[in-house]
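The values are calculated or read from the model by the stated rules, or taken from the named source; none is laboratory data. The structure displayed is predicted, hence computed values, not measured ones. Virtual Cβ from ideal backbone geometry, glycine too; neighbours counted across all protein chains shown.
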Amino acid sequence: MDKKTKMLICAAAAQWFINMIALVVQSRKRKRREAITYAPIDERDRMRREYFDNKVWKNDTTCVNMLRLRRAPFFQFCQLFRDRNLLKDTIHMSIEQQVAMFLHTVGHNVRNRVIGGNFGRSGEVVSRYFKKVLHAIGELRDELIRKPSLGTQKKIEGNHRWDPYFKDCVGVIDGTHVRASVTPDMEAAFRGRKKYTTQNVMAAVDFELRFTYVLAGWEGTSHDAVVLRDALGRENGLRVPQGKFYLVDAGYGAKPGFLPTFRGMRYHLNEWGNNPVQNEKELFNLRHSSLRTTVERAFGSLKRRFKILDDATPFFLYPTQVDIVVACCIIQNWVLNDGIDEYIIPEDEWVANITHASSSTGQAQEHAYMANLGKDLLIKYGKTDKTI
């Protein structure tokens, strides 16, 4: 054996010895560590299912409290996502669990770590599925936020207070402010009538409380007339059916298809008390106000159901905040397919004093007042027929 071969053998032996020492050291280190045990995956899934079943399957009361809607519309909603292939079940999370996490977030305005703790998920998983569900709901916008019916609205038809004077009214348009979180350089534009930053949300609502158009995302300082102009100018924006009109407040101005109130006259219901109307313009404002409570109820019910819209400080990026507003309106319309529930504010809470002002004014006098309004109404919303 030559000298070179001996040196190679010695080097190999030394390397083997070093490797063995390293293995022994690593082994001793592992023994000194505390043992970390993980539950089997199926056990974690079982616990997640139990939580879901207790909060959703148990009864309508717990489902409404947790998710803001009853079991039937909830599971039908999930099945719609499944049928349209908008969401997919995974090995560890069903579509029902994905949607439940989203609804609990917007219904209670809680952060990812709270949802993760409740549903047994990591914050990253909660965030990822929130975005997926938000996108899926947005895909239903054209289907669930539909144009208004062209027939006379049920609320108006046959009611002597409104029919035939408002028989061509298809809904009410108004705006509401939803708290917004924006970068410091944008705050001035978003801080309007409120002390905090808001986005100006304009919506059209029919008399069944359904949203027929929603435009979210405008700065809180934006004037209502500017927002309406933008809605009308968009390619798929707000459209007024031929021969129909919307009720609006004075801030939107009088123009074809939009009927505001008479300025300088009593309007808001709390201004009337038991005082009778004095002329046709006051009576018109009273009738206008009694119909316009519809949009106030719609916004109030929306914020009552989804606390993320009710004066809550947002924790999402602004584009997501805008999408959340639209998604909540879509869900609200879906819920109404199942009827009125706990979160829809009863009409009598809003219109309890509507009849007080006119109760002391004879019905014949009221009809005479309204009959005299024809010319004024034609000027305001630009109708060409004489049906009013």
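Pull up the stretch 99-120, narrow it to residues that are under 18 Å from the mean Cα position of the chain (by Cα) and of a type in the set (S, T, N, Q), then point me to the one that is nearest to MET47 (Cα to Cα). Here the answer is THR105. Evaluating ASP311 against the criteria (1) farther than 23 Å from ARG161 by Cα; (2) within 14 Å of the chain's Cα centre (by Cα); (3) at pLDDT 90 or above leaves one unmet condition, (3).
Residues checked against (1) acidic (Asp, Glu); (2) outside any helix (DSSP H, G or I); (3) modelled with pLDDT of 85 or more:
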{"residue": "ARG297", "(1), (2), (3)": "no, no, yes"}
{"residue": "GLY300", "(1), (2), (3)": "no, no, yes"}
{"residue": "ILE331", "(1), (2), (3)": "no, no, yes"}
{"residue": "ASP341", "(1), (2), (3)": "yes, yes, no"}
{"residue": "ILE344", "(1), (2), (3)": "no, yes, yes"}
{"residue": "TYR369", "(1), (2), (3)": "no, no, no"}
{"residue": "ASP376", "(1), (2), (3)": "yes, no, no"}
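Do we have any residue at all in the stretch 152-161 that's touching a residue at least 40 places away in the same chain (Cβ under 8 Å), surrounded by 15 or more Cβ atoms within 10 Å (Cβ to Cβ) and assigned by TED's automatic domain parsing to the domain that holds TYR51? Taking every residue of the stretch 152-161 in turn, none turns out to be touching a residue at least 40 places away in the same chain (Cβ under 8 Å), surrounded by 15 or more Cβ atoms within 10 Å (Cβ to Cβ) and assigned by TED's automatic domain parsing to the domain that holds TYR51. The one condition from (1) free of Cβ contacts under 8 Å to residues at least 60 places away in the same chain; (2) out of contact with any Asp or Glu (no Cβ under 8 Å at 6 or more places or on another chain) that ALA180 does not meet is (1). Among the residues of the stretch 121-179, those that are more than 15 Å from the chain's Cα centre (by Cα) and of a type in the set (Ser, Thr, Tyr) comprise SER122, SER127, TYR129, SER149, THR152, TYR165. A count restricted to the stretch 30-80 and to residues that are small (Gly, Ala, Ser), at pLDDT 90 or above and closer than 21 Å to HIS92 by Cα stands at 0. Restricting ALA231, ALA203 to residues that are surrounded by fewer than 21 Cβ atoms within 10 Å (Cβ to Cβ) and not assigned by TED's automatic domain parsing to the domain that holds ASN109 narrows the list to ALA231. Could you tell me whether ALA189 is crowded, with 22+ Cβ neighbours inside 10 Å and touching a residue at least 12 places away in the same chain (Cβ under 8 Å)? No.
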